[in-house]
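Here's the structure we're looking at; comments come further down.
What follows draws every value from the coordinates through simple rules; no lab data is involved. On a predicted model such as this, the values are computed, not experimentally measured, just so you know. We place every Cβ from the backbone using ideal geometry, glycine too, and count neighbours over all the protein chains shown.
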Amino acid sequence: MSPFARGLTAAALCGLFAGPALAQQAPAKIDSGDTAWIIVATALVLLMSLPGLALFYAGMVRKKNVLATTAQTLATAGLVTVLWVIVGYSLTFSGSGAWIGDLGRFLMSGLTVEAIHPNAKTIPESVFAFYQMTFAIITPALVLGAVADRMKFSAMLWFMGLWLLVVYVPIAHWVWGGGFLQTDGVLDFAGGIVVHINAGIAGLVAAIMLGPRRNYGHENMAPYNLVLAVIGVSLLWVGWMGFNGGSALAADGRAGMAMLVTHVAAATAALAWMFAEWLTMGKPSVLGIISGAVAGLGSITPAAGYVGIGPALLIGLVAGVACFYASTALKKRLGYDDSLDVFGVHGVGGIIGTIGAGVFAASFIAGPEIKGLWFDGNGKQVLTQLKGIVVCLLWSGALTWVILMIIKATIGLRVTNEQEIEGLDLHLHGERVE
C-alpha cells in the first residue's frame, strides 16, 4: 500500500473511531439554552417510563396480566416520586459523604428558584432534581419485568419503596453524588451501573426468589400484543435521547455526540440480535429486534458521553449478540424464569457498556480528565470499571435478597395459584382487557 493510501486509511479510521474534540468549559451560572434542553430531556426520560416501559412490558405479558403489569409501572412512578422529593434526592445528591448523602434537601428544603447544584451549574437545581427523579423512577420499574405475572401488588409496593432507598439511592450516590466510586474514577455517563446493572442483578435475584411462573416451560406464554411492545420500545428509543443526551447536563457538542452514538448503538444491536436469532432459530422475530434495540440502548448508556461512532458500533454489535444468548441459551441452561429478560438485556448489556466505557473513553471527546485504554493508554480505567461493576452486583444482589426475604416473611411475595391461573388483572385490580 502506498504512503498516500495508508494516510487515507488512517484518516478514515480516525474519523470512525475518534471524532472531533467536544469537551467544553461550562459557565458557572444558569444558561437558558442548557435549561431548556434539560427540561425537554426530563420530559423525554419520563416518557420512557410513562408510557414507554408500561406499553413495552404490557405487550410482552399474557392478556390476563396486561393491566396488572401497567399498574405496576404507574404505581412505581407515583411512589418513587413521593419518596424522591421527601428523602431520596437529598440522600443521593446532598452532602459529600463517601457512602451516603445527608438530609440537607429533606422535603426539598432550601430548593429555591435560584438554587444551583454543584453537579449542574448551568441549570436550576429544581430541573436537575426532576431530571434525576426520572432515572430513579425507571430503574426499579425495570426490575418488575423479571417477576411479571406472579408478584403480589402489595409486595411490589413495599419492594419498590425499600429498594429505592436501600439499593438505588446509595449506588447513585456512590457513582454520581460524590461517593467513593465517583472519587475512584468510575465512569458511568448515564446509568450503566446505576440503572442497568443495578436493575439487572436485582431482577435476576427476584426472579430466582419468586420461582418460575406456573407451568413455565410447558405452557404457551407468548406475548399478548407485540404491537404494544413495539410502540413501547419506540418510545423508549426516542426517550433515550434525553436519557443519554441530557446526561451531558448542557446543550453542547457532547450532548449531540451522546445522542448520535446512542442511536447508532441501538440500531447496530437490533440488527445483531436479529441476525443472531435468524441464524440460530431460523427466523428473525419482532420480539428479537426490539429486544436487541433495548440491549443496544442500555449498553451504550454508560459510555455515551465518552466515546465516538466506531466504539458505539462495536458496543452495539457485542451487546446485540451477547444479550441474545444471555436471554436464550444462558437462561435456559441456568433454569431461571426472568419473565421479560431484565438480566439478559439490561444486566448483561450494562456490563458490556461499562467495560466498553473503560476501553474506549477518549479524552478528545470527554475532556482531558477522562482517559480510557484504547486511545489514551490508560489500562487502569478498565480495572476501575470492573470495580464499579462488582460493587454494584454485590450490593444490589445482596440487599435485594434481604428486602425480598423480609417481605416474604411478613406479607408474602407471590399470588396464589388460583390468582396466577385466572390472571392478576381480575384478582388484584378487579378489571380485565376484553
Task: segment 323-434, dipole about Cα centre (Lys/Arg Cβ +1, Asp/Glu Cβ -1), debye to the nearest 20 - done: 700 debye
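Enumerate the helices in the chain for which the Kyte-Doolittle hydropathy averages -0.5 or more and the C-alpha atoms extend at least 27 Å along the helix's axis, using complete DSSP H runs.
Answer set is 125-143, 226-245, 253-281, 380-410.
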Task: Among P140, P368, P311, residue whose mean-square fluctuation peaks in a GNM of the chain (springs only between Cα atoms under 10 Å) - done: P368
Open item on the list: What aspartates and glutamates does K283 reach when the alpha-carbon gap must be under 17 Å and sequence neighbours fewer than 8 apart in one chain are set aside?
Closed with: none
Task: Inter-part distance where segment 46-66 and segment 90-119 are each reduced to a Cα centre, Å - done: 33 Å
Open item on the list: Can you return the aspartates and glutamates within cross-link range of K380? Criterion is Cα-Cα under 19 Å, with same-chain partners fewer than 8 residues away left out.
Closed with: D184, D188, E369
Task: GNM top mover of K29, K371, K152 - the chain, alpha-carbon springs below 10 Å - done: K29
TODO: Could you pull out which residues in segment 402-424 have an amide N less than 17 Å from a spot 7 Å beyond the Cα of L74, following the Cα-Cβ vector?
DONE: 424
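Magnitude of the Cβ-charge dipole of segment 28-429, K/R +1 and D/E -1, about the Cα centre, nearest 20 debye?
640 debye
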TODO: Would you mind checking the pairs K29/K387; K63/K408; K63/K152 and listing those with alpha carbons more than 25 angstrom apart?
DONE: K29/K387; K63/K408
TODO: For R414, enumerate residues with amide H under 5 Å from its amide H, sequence gap 5+ or separate chain, H modeled in the peptide plane.
DONE: K152
Task: Lys/Arg +1, Asp/Glu -1 at C-beta; segment 103-229 dipole; positive extreme among I138, N220, V169 - done: N220
Open item on the list: How many angstrom lie between the Cα centre of segment 234-313 and the Cα centre of segment 145-211?
Closed with: 21 Å
Task: Segments 46-56, 113-123 sorted - mean Cβ within 10 Å per residue, highest first - done: 46-56, 113-123
Open item on the list: Pick from M60, M209, M281 the residue whose mean-square fluctuation is largest in a GNM of the chain, springs joining Cα atoms under 10 Å.
Closed with: M281
Open item on the list: What does the net charge come to around L426 if you take all other residues with beta carbon closer than 13 Å to its beta carbon, with K and R at +1 and D and E at -1?
Closed with: -2
